[in-house]
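To start, the structure under review is shown below, and the notes come after it.
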Amino acid sequence: MNRISKDEYQDKIVLVTGGEWKGYRGRVVTTDNKSVIVELTSRSRKYAIDRNLVTLDLTYQNLPDQNQGG
């Protein structure tokens, strides 16, 4: 079977832990082996950030999906 595995950061809220955007929070739009494209919530723009400089923001992971009306 040829399946594409989903990256753990894809469509998740992350916290930037280093670099120029340290302390910012955003949603991961796309990923690759070296970086993630994050749409920062305070800037409403997308930035490429080294994937070693982000961590999952667990405070926002259990919120209901807005599309499910929950």
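The values are calculated or read from the model by the stated rules, or taken from the named source; none is laboratory data. Here the structure is a predicted model, which means the values were calculated and not measured. Keep in mind that these areas ignore ligands, DNA and RNA; they rest on the heavy atoms of the full protein, side chains included. Shrake-Rupley method; radii C 1.70, N 1.55, O 1.52, S 1.80 Å.
At-a-glance table
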read-out	value
Surface accessible to a 1.4 Å probe, ARG45 within the full protein complex, Å²	140 Å²
Nearest-10 value in Å² for the accessible area of LYS46, using the 1.4 Å probe	120 Å²
Order of exposure, largest accessible area first, which applies to GLU39, GLU8, GLU20 with probe 1.4 Å	GLU20, GLU8, GLU39
Exposure ranking of ASP57, ASP7 by accessible area [1.4 Å probe, largest first]	ASP7, ASP57
